[in-house]
Structure formats: structure tokens, C-alpha cells
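As C-alpha cells, the structure follows; a few thoughts come after it.
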Amino acid sequence: MVVNGILSNNRLKYPYRADRADILAVLLQEILIMEYIVNLIWDDEANVWVATSNDIPGLILESKSYDTLLARVKLAAPELLELNCPGFPPGPISFVSGFREMTVL
């Protein structure tokens, strides 16, 4: 995007009049960098961490250790994407974690 004649991603350090091709190139690059979201939730009933993702088909893992689960997801995610979504671009994995406990009053 162009802000006051300077590309907003700060790749250009000097004032620059961007044409449509420059703007399109920046937008395409931002679209092609896919961020994969992995949800990590503590299952109190099973006493394990569970990893799931809407972005990585087939990703359902569990582990008693949070750190072990992170390592397993980092190994499994690229393989699952390659098997289930050929041609998907590589990108960063963001982990969203939470602890949920239910108590009956």
C-alpha cells in the first residue's frame, strides 16, 4: 500500500511514487505469506495438551507436556501440509494456547 508516496511496508526508505505494479507486488507478497494458526488447549479430563488447526488439515495431536507438543506440531505440520494441501506456501506457525477448567457449582 502507498502512504504519502512511500510504500507502507517500509521496504523503500525514500519517497517513491509507486505505480500499480509495485502496489500489486507488495499485496501479492503479503497474501502469499500464509500464517498457520495452531490452537493448543489443555484437556483437564484427559490431562493432556491437545493441538488442532483449521489451517492444517489433519492436525490433531496430544501430549502430556506442552514443550513436547510444540515439538511434535513443528515436525508434523509441514508433512501434513505437503500431504493434504500440495502447493500451499510455507509460512510461520502461530501457537495460540489456553487453559480451560470447568467446575460444577
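Brief remarks follow.
- Whole-Hz Karplus values for the range 68-81 come out as 5, 5, 4, 5, 5, 5, 4, 7, 7, 4, x, 5, 5, 5 Hz, taken residue by residue from phi with 6.51 cos²θ - 1.76 cosθ + 1.60 and θ = phi - 60°; glycine and proline positions read x.
- Peptides 36-42, 46-52, 79-85 ordered by average Cβ neighbours within 10 Å, highest first: 36-42, 46-52, 79-85
- Using the Cβ-Cβ distance between Leu83 and Met34 with R0 = 22 Å, the FRET efficiency computed as 1/(1 + (r/R0)^6) comes to roughly 0.85.
- Net charge in the neighbourhood of Val38 (other residues with Cβ under 15 Å of its Cβ; Lys, Arg +1, Asp, Glu -1) is -3.
- Rg and Dmax [Cα atoms of the range 36-99; Å; Rg one decimal, Dmax integer]: 11.6, 38
Values quoted throughout were computed directly from the atomic coordinates according to the rules given, and no laboratory measurement underlies them. From a predicted model like this one, the values you see are computed outputs, not experimental measurements. As a convention, Cβ positions derive from the backbone with ideal geometry for all residues, glycine included, and neighbour counts pool all protein chains shown.
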